[in-house]
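First up is the structure itself, then whatever we jot down about it.
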Amino acid sequence: MYGNYEVQTGTSIQELVEMCNQPNTITFVDENVLKHWSVFNLPNVISVDANENTKTLHGVGELINKFVESDATPKTKIIAIGGGIVQDAVGFIASVWCRGVDYVLVPTTLLSQIDSCVGGKTSINHIRKNILGTFWPPKEIMICTDFLNTLSETDYWSGWGEWIKYNVLRNKIDHTIQTLSSLNKGHEIEFIVDGLGYKIGIIQRDEFDKGERKFLNFGHTFGHALESASQWKIPHGYAVFIGSLIAMYVSYKLGEENEQRWEELQRFSAFGRSYLDRGCLEKSMGSFEREWFTRELIDIAKKSDKKQEGGQGLRMVLVNEDGAYLYNVENETVLEQAIEWVYNEVCK
Ligand SMILES: NC(=O)c1ccc[n+]([C@@H]2O[C@H](COP(=O)([O-])OP(=O)(O)OC[C@H]3O[C@@H](n4cnc5c(N)ncnc54)[C@H](O)[C@@H]3O)[C@@H](O)[C@H]2O)c1
Ligand SMILES: [Zn+2]
């Protein structure tokens, strides 16, 4: 077993500043976190531009240059403070620096606090999204929910996308709609503990993606394709949400097509519209473009389908009343219908 995933919640900003101030420590901090939290402007801090280009061999190479220029040694303590992008890039560096060293992770977005901080995956984009990577869990994960106060509305609501995905897998659609429709900000910790607890349960049974953990890719087949088609304009959490709706539609069409399931899907897509509005998504990225939702999305999904195990079709995680299952979808008409449906119902 690689990680024991001990997560410390309730960490204070002051505690974190003191940790970063320790000798022989280098801290990578998301540049937007540095703007909002100037207490982290310390001598041994490397600012990280949080965009998908940072998560590339070139971007990571530049960070390693700065790390070496800061007199890093094999014994240097590495701290990463930021969202999923900083986590993926710095986690990758820690996994290869001197053949792997410990690092401390301080997630600062809701998405990274509720989901990505556990599981130990590091990822680099290379032609395709997240195609290079390592399993390298942090030694410590320290969560401070104060960071959530400075997130933009768009980044804040993006984080819920992964929690919603967990709830689809747990068959808790109506609970999700009720919870998020009446949510007051400031109570996230309860959901962070819930989300991480669910994910940790799965990875403790399947740490290396051999079986059950693959279900956590629910919504990601088309989620990643949409990120790519929109050239990363759609943030990850929303892309996963829209990808989850597509997967639910496909599940319905290829499953029993019962009335109850259809009504549930209707309630969920209506909720989806208000979820995207609440995150002011179209204000921040512009409107959804029609050409992101064409047949081509299927080809993008096929090309980057990491779960593909040969054969025709697209290997997807689908759901029914009993939970998730892997299915090789060969019926492209249904896939096209699902894309059209999600565009018309939720994104148009
Ligand atoms: N390793 C994994 O298991 C895993 C899981 C899910 C997603 N991911 C990856 O994570 C990335 C998305 O991560 P994310 O959603 O956390 O977004 P992100 O890291 O892109 O951050 C989103 C934005 O928020 C800013 N920001 C971060 N913290 C802030 C704060 N406290 N206050 C103000 N602004 C802040 C960033 O600068 C950025 O502009 C994707 O690349 C995705 O592939 C990785
Ligand atoms: Zn994800």
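What follows draws every value from the coordinates through simple rules; no lab data is involved. Given the structure is predicted, the values throughout are model-derived calculations rather than measurements. Using ideal geometry, Cβ is built from the backbone for each residue, glycine included, and neighbour counts are taken over all protein chains shown.
Using 0.36 nm per residue of separation minus the Cα-Cα distance, give me the extension gain between Glu289 and Thr179 in nm, one decimal.
36.6 nm
Return the subset of Lys129/Lys214; Lys77/Lys185; Lys199/Lys348; Lys55/Lys199 for which the Cα-Cα distance in this structure is over 28 Å, preserving the input order.
Details: Lys129/Lys214 17 Å; Lys77/Lys185 34 Å; Lys199/Lys348 32 Å; Lys55/Lys199 23 Å.
Cα-Cα > 28 Å for Lys77/Lys185; Lys199/Lys348; rest within.
Order of 109-119, 253-263 by packing, highest average Cβ count within 10 Å first?
Details: 109-119: 26.3, 253-263: 12.5.
So the peptides 109-119, 253-263, ranked by packing, come out 109-119, 253-263.
Show me, for the range 139-156, the HN-Hα J-couplings you get by feeding each phi into the Karplus relation (A = 6.51, B = -1.76, C = 1.60, θ = phi - 60°), rounded to Hz, glycine and proline as x.
5, 9, 10, 10, 9, 10, 6, 4, 4, 5, 5, 9, 6, 5, 4, 5, 5, 4
Counting only residues 5 or more places away or on other chains, whose amide H sits under 5 Å from the amide H of Ile143 once H atoms are built in the peptide plane?
Under 5 Å from the amide H of Ile143: Gln8, Thr9, Gly10, Thr11.
Put +1 on the Cβ of every Lys and Arg and -1 on every Asp and Glu Cβ in the range 185-313; which of Ser228, Leu281, Gly186 then has its Cα farthest towards the positive end of the dipole?
Positive-most Cα among the choices belongs to Ser228.
Using modelled amide H (1.01 Å from N, peptide plane; none on Pro or chain starts), what sits under 5 Å from the amide H of His126, excluding residues fewer than 5 places away?
For His126, whose amide H was placed from the backbone, the distant partners under 5 Å are Ile131, Leu132.
Hey, what do the phi angles of the range 214-227 turn into as Karplus ³J(HN,Hα) couplings, whole Hz, using 6.51/-1.76/1.60 and θ = phi - 60°, x for Gly and Pro?
Values per residue, Gly and Pro as x: 4, 5, 5, 7, 3, x, 8, 4, 8, x, 5, 4, 5, 4 Hz.
Short version: ³J(HN,Hα) in whole Hz for each residue of the range 178-194, in order, from phi by Karplus 6.51 cos²θ - 1.76 cosθ + 1.60 (θ = phi - 60°), x for Gly and Pro, what are they?
Karplus-based 3J(HN,Hα) across the range 178-194 equals 5, 4, 6, 6, 10, 6, 9, 4, x, 10, 5, 4, 4, 7, 5, 5, 4 Hz.
Pop a pseudo-label 7 angstrom from the Cα along the beta-carbon direction at both Asn21 and Phe135 and give the gap in nm to one decimal.
Label at Asn21, label at Phe135, 3.9 nm between them.
Given H placed on each backbone N at 1.01 Å, which residues far from Thr25 in sequence or on other chains put an amide H within less than 5 Å of it?
Amide H neighbours of Thr25, under 5 Å, 5+ apart: Lys77.
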